[in-house]
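Visitor: Questions regarding the structure given below will be posed in turn.
The values are calculated or read from the model by the stated rules, or taken from the named source; none is laboratory data. Keep in mind that what you see is a predicted model, and the values were worked out from it rather than measured. Glycine gets a Cβ as well: all are built from the backbone with ideal geometry, and neighbour counts include every protein chain shown. Only protein heavy atoms, including side chains, enter the accessible area calculation; ligands, DNA and RNA are left aside. Shrake-Rupley method; radii C 1.70, N 1.55, O 1.52, S 1.80 Å.
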Amino acid sequence: MEKYQKFICVNLKHNLLLPVLLVVALCLFSPLAMGLENLDSLQTAKVVEVFLSLTGLILLMTVFSPDIDRDIRDMIASKKEPMTVIHTLRILCAAFVLAAVGILFLSWMKIGACQFSFFKMFFCFLANSIFLGGIGAFVFSLSNQPVLGYMASILYFLLNFGSGKKYMGNFFLFSMQYGSFTEKYYLLTGGLMLLLLAVVWRDLIRKRLI
């Protein structure tokens, strides 16, 4: 247990620190770009789905970033702990930070007299964030190129604007703005599956092919 605690601390310090600082900066400066006070539930959903959900992409893309370089990856893989455990712990660290960001940001909005169901909006935030981050992490695991991971997530995000509701079906990111919550279950499940596939591909399949 102690070695895992040490790993988590090292991961937070060397892998997650800059992404966390970026996320905090974005959240702190968000009132300059949009209103965060006296919003109803649909307006709050717009803030969460269009802005706050992007934090999932920033944080979950850190899962594979430390071992982009093959030499570093081989060194990490030579340790006693399997890479599946290492990557799972990184996902859990990122998810914990992501949840903390969501709780703090939504609490800030509650203090600003925004009217919404905290649990439903928090679930909406997690579902969108994990799905967007899952897309990026999965493409990253396939290509070993973080830029492609970011591009895939951002492209999916942009496709949800305009007529996205018609074509995205149950994986439409902005459903809460239209009063529908069902899609969030699909998004959360899909995001978790993408993260699982990313780890399986990178640690169990890809290493046998390369």
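Visitor: Tell me whether segment 144-201 comes out rounded, prolate or oblate; compute the Cα gyration tensor, take square roots of the eigenvalues as a ≥ b ≥ c, and use a/c under 1.5 as the rounded threshold.
Guide: Here segment 144-201 falls in the oblate category.
Visitor: If you place +1 on the Cβ of every Lys and Arg and -1 on the Cβ of every Asp and Glu, how big does the dipole about the Cα centre of segment 124-210 come out, in debye to the nearest 20?
Guide: 180 debye
Visitor: In debye, nearest 20: dipole of the chain around its Cα centre with unit charges on the Cβ of K, R (+) and D, E (-)?
Guide: 400 debye
Visitor: Let me ask you something else. Give me the 1.4 Å probe accessible area per residue for segment 83-210, excluding ligands and nucleic acids, in Å².
Guide: Here the per-residue accessible area is 48 Å².
Visitor: Here is a follow-up. Compute a Gaussian network model of the chain, connecting alpha carbons closer than 10 Å, and tell me which residue from L28, L54, L195 fluctuates the most.
Guide: L28
Visitor: Checking the a/c ratio against 1.5 first, then a/b against b/c, what shape does the Cα gyration tensor give for the chain?
Guide: Judged from the Cα gyration tensor, the chain comes out prolate (a/c at least 1.5, a/b above b/c).
Visitor: Further question: How high is the FRET efficiency between K3 and M151 when r is their beta carbon distance and R₀ equals 45 Å, given to the nearest 0.05?
Guide: Step by step, r from the Cβ atoms, then E = 0.80.
Visitor: A further question follows. Please say if segment 78-162 is rounded, prolate or oblate, where rounded means a/c under 1.5 for a ≥ b ≥ c the square roots of the C-alpha gyration tensor eigenvalues, and otherwise the choice is prolate for a/b larger than b/c and oblate otherwise?
Guide: oblate
Visitor: Fully extended, how many nm does the chain gain between L18 and F118 (0.36 nm per residue separation, minus their Cα-Cα distance)?
Guide: 33.2 nm
Visitor: Report the full-extension gain for the segment W108 to L158: residue separation times 0.36 nm, less the Cα-Cα distance, to one decimal in nm.
Guide: Computed gain between W108 and L158 is 15.3 nm.
Visitor: Round to a whole number: what % of the accessible area of the chain belongs to carbon and sulfur, probe 1.4 Å?
Guide: Carbon and sulfur: 70 percent of the exposed surface of the chain.
Visitor: Quick one: check the C-alpha center-to-center distance for segment 10-54 versus segment 146-210, whole angstrom.
Guide: Value for the Cα centre distance between the two parts: 19 Å.
Visitor: Pick out the long, greasy-scoring helices in the chain: whole DSSP H runs spanning 15 Å or more along their own axis by Cα, mean Kyte-Doolittle at least 0.5.
Guide: Within the chain the helices that satisfy the rule are 17-33, 83-111, 118-143, 146-159, 183-200.
Visitor: Give me the accessible area of W108, 1.4 Å probe, in Å² rounded to the nearest 10.
Guide: The accessible area comes out at roughly 100 Å².
Visitor: Could you tell me the accessible area of H87 in Å² (1.4 Å probe, neighbours in place), rounded to the nearest ten?
Guide: Near enough 0 Å² of accessible area.
Visitor: Let me ask something else about it. What 222 nm value per residue comes from the helices of the chain, counting each DSSP H run with n ≥ 4 as -39,500 (n - 2.57) and dividing by all residues, nearest 500 deg cm²/dmol?
Guide: Taking each H run of at least 4 residues, the total per residue is -22500 deg cm²/dmol.
Visitor: Hey, another quick one. Compute the length gained on full extension between V200 and S180: take 0.36 nm times their separation in residues and subtract their Cα-Cα distance, giving the result in nm to one decimal.
Guide: Full extension from V200 to S180 adds 3.9 nm.
Visitor: Compute the normalised compactness of segment 120-162: alpha-carbon radius of gyration over 2.2 N^0.38 Å, N being the residue count.
Guide: Taking the Cα Rg and dividing by 2.2 N^0.38 Å, one obtains 1.23.
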